[in-house]
Amino acid sequence: MKNIFIGLMLFAGIYSFAQEAGKAGELLRNEASTTEMQSTKTRGFDNRNNNSNNSGFRNPNNQNNNNKGRNPNYQWNQNYGYSEVFLRIPEMGYFTVELGDQTISNNSGKYRFFDLQSGRVPISIYDNGFLIYRTTLQLRNNNRLVLDFFTNNGLYLLDSYPVQSQSYGFNDWNDVWNDLYGNNQSGNWNNSGNVMDNTFRQFFAMFQRERFDDGKIALVNQQMRSSQFTSEQIRDLVKSISFDKNKLMLAKSMYSKCVDKNKYFLVSDAFDYESSKRELREFIAKS
């Protein structure tokens, strides 16, 4: 009797700390039909017990079949788009998530999709091969959706916010391959290194309302803790500073927060004196 009581108390304690489904986010309607949910997925992604090759690599014995229909002259599609979706399933189980043309299966509860095309993209969720949820997400380029899924309650859209454009850009793929995504080492999904996009207009308007250089620079320093900037944005900010020495100080401090350093020469247009332009160039050359 004592053991039963202890077990009930332990279960109650665990349950009280579990996340309550529906407490946050917008519920997305389940579009999967009853017939679809009663049949298992047959594409083979869940045949873990029957597949002898679980290494995750292509089977060399099936090279002839795998090569059928391939285009050896493939080129990167630079205009494909870049969107992200981060989905969490805080439950025990082995789930498979299909999003557009990408599929992820695991029991970690975290499903992170990158390099997605913007627009209406279908998402399907399977529990051990059975379809349990399907809906459509509206993806925007350079934006990340963050969602929670509960098998008994549904899919909740928690947030949508901009991410750094082309974090794994094709032009410098080899340079960034081993970098942590967004240089975010905290492990949080909400990347603190987001580049400012539409929000820059609001920030710039607030920036211009500051009467003195000290106030403007203090505002920028505060924003740099959570945001990155483009060269054009930095040029506009520096140009709005009154004195060249303050312009130079701001331009130097913002260099580390620039997402397109190869265009930092644009910032030189913000200076009145050639000596300041030269000092900025020397600073960049040493950085």
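The values are calculated or read from the model by the stated rules, or taken from the named source; none is laboratory data. Everything quoted here is computed from the prediction, not taken from an experiment. Heads up, the Cβs are rebuilt from the backbone with ideal geometry, glycines too, and the neighbour counts pull from every protein chain shown. What goes into the accessible areas is simple: the full protein's heavy atoms, side chains included, and nothing from ligands, DNA or RNA. Shrake-Rupley method; radii C 1.70, N 1.55, O 1.52, S 1.80 Å.
Of the accessible area of region 85-134, with the probe set at 1.4 angstrom, what percent is carbon plus sulfur? Of the solvent-accessible surface of region 85-134, carbon and sulfur hold 48 percent.
The packing ranking of peptides 137-144, 150-157, highest mean first, is 137-144, 150-157, where packing means the average number of other beta carbon atoms within 10 angstrom of each residue. Once amide H atoms are placed 1.01 Å from N in the peptide plane, what residues at a sequence separation of 5 or more from residue 142, or on another chain, have their amide H within under 5 Å of its amide H? Hits under the 5 Å cutoff: 82, 83. Accessible area per residue for region 83-140, computed on protein heavy atoms with a 1.4 Å probe, is 43 Å².
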